[in-house]
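Engineer: Pasting a structure here, questions to come.
The values are calculated or read from the model by the stated rules, or taken from the named source; none is laboratory data. Fair warning: this is a prediction, and the values are worked out from it, not measured in the lab. Note that we place each Cβ from the backbone using ideal geometry, even for glycine, and neighbour counts take in every protein chain shown.
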């Protein structure tokens, strides 16, 4: 009952909105090249289902690898930063620079440098730049926030550096690392879409390219179908990580009391 | 009894112009149960950390006349929230495996109990002794404040220390729980022939627990008073109602009031 209770209101709301959408198009006579009716979007999806699913797989692959690299490098740099302050001081300004420079502005450069024959790799790098920062900052904050008394305890028992990391700092930082990962997953998807837009025709066959191509043909229904798939991927990533968070933290973290 | 730890002219300051402790000289004898009293902010907690070599003193020397293995009970339970009570108690054995548990040098990668077969048993034995037999598999958040503190004491005991340091551990607990834990601490320390240093701001707690009470001054300086408590070896709640208990608490309170 509780499960139904929590899914029912958003589901009802969605159906009502779709109904209003259909009705508005009939009442105000809106042409489908401006705003297609929901049933037309469904039709477009069915018509292009093979290309759309293939394109989804391309975008999802780019997002996935960008996210994995963001996790590995974000946590890795956070560990280095919290161990060696001078490395943090030396590198941090450049990390921030990389973060604040609009990625869309450096994307063409990256594609040129990596090479047009390696577009897939260039796209992953662009999406990684977008996704990497929240994992880094959240991990650094988490690793730093460990109770000093617990550090004293580990010192008292002559814990080696790796023991302190594995038994104390990483588990203590896990909730914050997962928060960073959640933000980063959504950003990886945004990065992948931006990268595909920049890469342009012929080089990329992901959902973003489908959107451009449908737009050029004024096939707005197909455009919406791609858009819906992007949302589905984003929602899927978010809930996968929420599930992972629940699995890892539910037994001990106060937020799951 | 022989001296275990000797402090000579020990000083500590965060900045050169703001001394916190000392110069302070003091002998801690083996088997002593010593309470350290003093106004808040007088550096009692810092003194414990200096003795445990968790901070270097700014001046003076601390000599360990015999090998010392410390157990530290902090102001808060300071448990690892993600580990069960048993795995928290076994933590010192896991960290110090080569030293404490020569039979289990090889990491099997199958978690704690597999890696160190004795650690889990030692932890269970101590949890049992603290009256927590049924809570070994619980995570700290499922335990009350008093139970968490018992886990923390079991953890301090698991590494077989010969000197226990307590940093005002029961201040946040209700009175009955505190009385319980006071009794338990005294009996464990005596049964195991340990040396104990107990920082507290409660005069009653100091007279109940200790054989010796040290009073630190509000501002850095030598010890104000070094008192021997006369009382029975085995203490229970009757000791709290004893005229001798009341007399000594009043005398100590008077000294503390004077110290500001």
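Engineer: Out of curiosity, is residue A:227 in contact with a helix residue (DSSP H, G or I) (Cβ under 9 Å, 6 or more places away or on another chain), surrounded by fewer than 21 Cβ atoms within 10 Å (Cβ to Cβ) and under 22 Å from residue A:240 (Cβ atoms)?
Structural biologist: yes
Engineer: Read through the list (1) surrounded by fewer than 20 Cβ atoms within 10 Å (Cβ to Cβ); (2) within 27 Å of residue A:240 (Cβ to Cβ); (3) within 14 Å of another protein chain (Cβ to nearest Cβ), then give the number of the only condition that residue A:79 fails.
Structural biologist: (3)
Engineer: Do we find a residue being in the same structural domain as residue A:237 (by TED's automatic domain parsing), closer than 25 Å to residue A:218 by Cβ and exposed (fewer than 10 other Cβ atoms within 10 Å of the Cβ) anywhere in region A:50-59?
Structural biologist: yes
Engineer: Moving to a separate point now. Condition first: under 19 Å from residue A:254 (Cβ atoms) and within 11 Å of chain B (Cβ to nearest Cβ). Now tell me which residues in region A:141-168 satisfy that.
Structural biologist: A:146, A:147, A:149, A:150, A:168 - these are the residues of region A:141-168 that are under 19 Å from residue A:254 (Cβ atoms) and within 11 Å of chain B (Cβ to nearest Cβ).
Engineer: Of all residues in region B:41-69, how many are closer than 26 Å to residue B:90 by Cα, within 18 Å of the chain's Cα centre (by Cα) and part of a loop (DSSP other than H, G, I, E, B)?
Structural biologist: Number satisfying all stated conditions: 7.
Engineer: Please go through region A:236-257 and give me each residue that is within 23 Å of the chain's Cα centre (by Cα) and facing chain B (nearest Cβ under 10 Å), ordered by number.
Structural biologist: Listed by number, the residues that qualify are A:248, A:249.
Listed here are the residues, each with its yes/no results for (1) more than 30 Å from residue A:147 (Cβ to Cβ); (2) surrounded by fewer than 20 Cβ atoms within 10 Å (Cβ to Cβ); (3) modelled with pLDDT of 95 or more.
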| residue | (1), (2), (3) |
| --- | --- |
| A:177 | no, no, yes |
| A:185 | no, no, yes |
| A:195 | yes, no, no |
| A:198 | yes, no, no |
| A:213 | yes, yes, no |
| A:216 | yes, yes, no |
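Engineer: Given region B:145-260, what strands (runs of 3 or more DSSP E) lie entirely inside it while holding 3 or more residues that are without any contact (Cβ under 8 Å) to a residue 60 or more places away in the chain?
Structural biologist: Answer list for region B:145-260: B:225-228.
Engineer: For region B:52-75, give me each residue that is buried (at least 18 other Cβ atoms within 10 Å of the Cβ) and under 18 Å from residue B:157 (Cα atoms).
Structural biologist: Answer for region B:52-75, where residues must be buried (at least 18 other Cβ atoms within 10 Å of the Cβ) and under 18 Å from residue B:157 (Cα atoms): B:52, B:70, B:71, B:72, B:73, B:74.
Engineer: Looking only at region B:70-94, count every residue that is assigned to a helix (DSSP H, G or I), without any contact (Cβ under 8 Å) to a residue 60 or more places away in the chain and facing chain A (nearest Cβ under 8 Å) and tell me the total.
Structural biologist: So the answer is 1.
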